Amino acid sequence: MDRLIVVDLGGQYAHLIANRLRRLGFLADISQDILVDAGSADVKGIILSGGPSSVYEDGVPDIPEKIFELGKPILGLCYGHQLIAHKLGGKVNPGETKEYGLANIATKPSALFSGLDSDQVVWMSHGDTIGVLPLNFRIIASSEDCVTAAMENTDKKIYGLQFHPEVNHTENGMKILENFGNICNCKKEWDSENYFNQISEQIRIHAKDRKIFLLVSGGVDSVVLFTLLNKVLGKHRVFGMHVDNGLMRLDESRNVITELTNNGFDNLELIDARSLFHAALKGVVDPEEKREIIGSLFIDVISVKSDAILSSDEWLVAQGTIYPDTIETQGTENAALIKTHHNRVPKMQELIDQGKVIEPLSHLYKDEVRLLGKKIGMHPDIIGRHPFPGPGLGVRILCNDQSEPDLSSLNDSLRKIEASAFVIPIKSVGVQGDNRTYRHPALVPFSKDWDKLEKLSTKITNNIQEINRVVMIVKQMKCAFRLLKRTITEDRIQLLQQADSLVTQIITRAGYYDKIWQMPVVLAPLSIQGGETIILRPVDSQEAMTANFSKLPLALVNKLGEELLKIEGVDAVFYDITNKPPGTIEWE
Ligand code: XMP
């Protein structure tokens, strides 16, 4: 089958490029050995990914010159684009200003932009720029801040883009990638039938005659994997366990078990470990520590019940890990750490090192898992459910054990941009450039104008690096917030479950559940009169690597605010107006 290869040069988005190409119908994957792959007859084209390095520094990701002599089309993106220039005799200059975010480019006629208007909005994330083009290249797109936004050498079919076509914010990104696939004469032969066959085959090869044990969190990935394993190996060789960790959504555990039992699966056991998890999280504040505790306890809980399973050669453990889970946990050689995923805590890592874990979905994105679920006949309501993190509400209950920090100088900088904004004394996780950040959000007043709010949000996070997120006030009694000292307690879990369930009901009734990718509801220890604050984080996304905050109808936003404020213990409601990057989807 014809295929395209992506060379991972260290960016967060390397694998996303392969996902996008597969979505277009081209078989594409990350190259494990560039020289072997590039020389292979079925490989029709090569894509060089972005990455955080500078080409002129020592020890940075590199490519063999030989690939330029194979006569195969090459497309470099961001760092890949600069590496082409650097290797072929051009010059890359250190950037004086970093350019993150949307940019307008003007393009010239090129096969890469075939069928597109000459004015386009693209997403840039770079410091360095190409100052001198390599011989026989010409510029085919420029932006105000970047002259060489795109270049080509049509004789050799080598192309470079300073921007990221794989990221949703680039409006014609998919078309540009499709144009490149066509330049490569690569046939579109990839579909969900191929996924199913390929993954089923991998499961059979890995499992041999062994049985498979897996934890079914109830999320889309683990439920699809459980169903798939049953289909491929038969019920008698699969045993699922659902642990109620006490951090689930309201009635979630009961619903998961009922759903799967109704589908004929009797090889699934429920473990009620609520009190164990609650006790282990007592007094814990740090987000990474919470993740560590929740992840390790999962293993402890299952070990009690399944020691024999874990030590026996007859059993393997399966995990529903998907690609974004590993990339954001520094799962590839060159990527930077965004957060520790619960599937990669040390105890699970030990089992992985012992070769006892299989992760059949680890190359897929959520949209591909859903396709697979559909292919094996799963109900749309099950595969259409919003993603829910393994550590559950544990990453949505913000904790604090510090007194109010002094934020006056940060507030001074913020007020130069928006006089009525202020910095809030809690912190949340974000991703800026290719790195993970843990910083304060800014709070801005209510406005009906989403576009204005989006511009304001981008302006604040672009100009003040110490702020990684912006929220808007939806409803509150008064504006004097007090920072509370709070950890995860049963009262707080119940309060959040109640708020989260109410939000799900309201958006479902309004017909918005299926339009939103995911809508975390977060509890923050910010108080006005003894209660706390609820933060709404609805996002639109295709794979959670990047996301835009959802611009819900204002009547719905108002309704959510009004109804949430009726809950005893809720003092204020905020709405997160940050895209990812710079804010992650979860707050942690
Ligand atoms: P972030 O917050 O990094 O989240 O933008 C990206 C996607 O991953 C989900 N998420 C997790 N899923 N275990 C999971 O199974 C985890 O530890 C975890 N942390 C985040 C998140 O809900 C979003 O869909």
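Of the conditions (1) closer than 14 Å to Gly218 by Cα; (2) assigned to a helix (DSSP H, G or I), Phe265 clears all except one; give me its number.
Phe265 satisfies every listed condition except (2).
Among residues belonging to region 259-274 that are at pLDDT below 90 and within 18 Å of Phe388 (Cα to Cα), point out the one that is most open to solvent (accessible area, probe 1.4 Å).
Glu259
Do we find that Ser541 is within 16 Å of the ligand (Cβ to nearest atom), open to solvent by less than 10 Å² (accessible area, probe 1.4 Å), assigned by TED's automatic domain parsing to the domain that holds Thr489 and in contact (Cβ under 8 Å) with a residue 24 or more places away in the chain in this structure?
Spelling it out, it is not the case that Ser541 is within 16 Å of the ligand (Cβ to nearest atom), open to solvent by less than 10 Å² (accessible area, probe 1.4 Å), assigned by TED's automatic domain parsing to the domain that holds Thr489 and in contact (Cβ under 8 Å) with a residue 24 or more places away in the chain.
Among the candidates Leu502, Leu496, Leu552, Leu483, which residue alone is modelled with pLDDT of 95 or more and within 16 Å of the ligand (Cβ to nearest atom)? Full working, then the answer.
Values: Leu502 fails: within 16 Å of the ligand (Cβ to nearest atom); Leu552 fails: within 16 Å of the ligand (Cβ to nearest atom); Leu483 fails: within 16 Å of the ligand (Cβ to nearest atom).
Exactly one of Leu502, Leu496, Leu552, Leu483 is modelled with pLDDT of 95 or more and within 16 Å of the ligand (Cβ to nearest atom), namely Leu496.
Test Ile460 against the criterion of being touching a residue at least 40 places away in the same chain (Cβ under 8 Å) and under 30 Å from Ser53 (Cα atoms), and give yes or no. Talk me through it step by step, then tell me what you get.
On the way: touching a residue at least 40 places away in the same chain (Cβ under 8 Å): yes; under 30 Å from Ser53 (Cα atoms): yes.
Judged against the criteria, Ile460 is a match.
Report those strands (runs of 3 or more DSSP E) wholly inside region 67-171 carrying at least 3 residues which are not β-branched (Val, Ile, Thr).
The qualifying strands (runs of 3 or more DSSP E) are 74-77, 99-107, 119-126, 138-143, 150-153, 158-161.
What's the total number of residues in region 308-326 that are within 14 Å of the ligand (Cβ to nearest atom) and not hydrophobic (A, V, I, L, M, F, W, C)? Don't jump to the end; show me each part of the working.
Start the filter on region 308-326 by keeping residues that are within 14 Å of the ligand (Cβ to nearest atom), which leaves 319-326.
The next check asks that each one be not hydrophobic (A, V, I, L, M, F, W, C); those that pass are 319-321, 323-326.
Of the residues in that region, 7 qualify.
Please go through region 347-386 and give me each residue that is within 16 Å of the chain's Cα centre (by Cα) and hydrophobic (A, V, I, L, M, F, W, C), ordered by number.
Leu361, Leu364, Val369
So which of Ile534, Ile507 is away from the ligand (no atom under 16 Å from the Cβ), buried (at least 20 other Cβ atoms within 10 Å of the Cβ) and farther than 30 Å from Asp406 by Cα?
Numbers: Ile534 fails: farther than 30 Å from Asp406 by Cα.
That would be Ile507, the only listed residue that is away from the ligand (no atom under 16 Å from the Cβ), buried (at least 20 other Cβ atoms within 10 Å of the Cβ) and farther than 30 Å from Asp406 by Cα.
State which residue pairs qualify: first residue touching a residue at least 60 places away in the same chain (Cβ under 8 Å) and under 15 Å from Ser541 (Cβ atoms) and inside region 508-528, second residue within 16 Å of the ligand (Cβ to nearest atom) and charged (D, E, K, R) in any location, beta carbons under 7 Å apart, and separation of 6 or more residues or different chains.
Ile516/Asp540; Trp517/Asp540; Met519/Arg537; Pro520/Arg396; Pro520/Arg537; Pro520/Glu586
Which residue, of Ile294, Ile302, is open to solvent by less than 10 Å² (accessible area, probe 1.4 Å) and either in contact with a Ser or Thr (Cβ under 8 Å, 6 or more places away or on another chain) or at pLDDT 90 or above (or both)?
Ile294
Scan region 344-378 for residues that are open to solvent by less than 30 Å² (accessible area, probe 1.4 Å), within 14 Å of the ligand (Cβ to nearest atom) and out of contact with any His (no Cβ under 9 Å at 6 or more places or on another chain) and jot them down.
Of all residues in region 344-378, those open to solvent by less than 30 Å² (accessible area, probe 1.4 Å) come to 345, 348, 351, 356-358, 360-362, 364-366, 368-369, 372-373, 376, 378.
Going one step further and asking which of them are within 14 Å of the ligand (Cβ to nearest atom), we end up with 345, 348, 361-362, 364-366, 369.
Result: Val345, Leu361, Ser362, Leu364, Lys366, Val369.
From the list Tyr100, Tyr56, which residue is of a type in the set (Phe, Trp, Tyr), farther than 30 Å from Phe26 by Cα, open to solvent by 20 Å² or more (accessible area, probe 1.4 Å) and touching a helix residue (DSSP H, G or I) at 6+ places or on another chain (Cβ under 8 Å)?
Matching residue, one of Tyr100, Tyr56: Tyr56.
Filter region 379-410 for residues that are modelled with pLDDT of 90 or more and either surrounded by fewer than 15 Cβ atoms within 10 Å (Cβ to Cβ) or away from the ligand (no atom under 16 Å from the Cβ) (or both) and give the result.
Passing the criteria: Cys399, Asn400, Asp401, Gln402, Ser403, Glu404, Pro405, Asp406, Leu407, Ser408, Ser409, Leu410.
Taking only region 172-219 into account, find how many residues are closer than 30 Å to Ile358 by Cα and hydrophobic (A, V, I, L, M, F, W, C).
Here is the first cut: in region 172-219, the ones closer than 30 Å to Ile358 by Cα are 188-219.
After this cut, where a residue has to be hydrophobic (A, V, I, L, M, F, W, C) as well, the list is 190, 196, 199, 203, 205, 207, 212-216.
Within region 172-219, residues that are closer than 30 Å to Ile358 by Cα and hydrophobic (A, V, I, L, M, F, W, C) number 11.
Does Val557 satisfy the criteria of being outside any strand (DSSP E or B), outside the structural domain of Leu21 (by TED's automatic domain parsing) and either within 16 Å of the ligand (Cβ to nearest atom) or in contact (Cβ under 8 Å) with a residue 12 or more places away in the chain (or both)?
Yes; evaluated as a whole, the condition is true for this residue.
The values are calculated or read from the model by the stated rules, or taken from the named source; none is laboratory data. No experiment lies behind these values; they were computed from the predicted model shown. We place every Cβ from the backbone using ideal geometry, glycine too, and count neighbours over all the protein chains shown. Quick note on the areas: whole protein, heavy atoms, side chains included, nothing else; ligands and nucleic acids left out. Shrake-Rupley method; radii C 1.70, N 1.55, O 1.52, S 1.80 Å.
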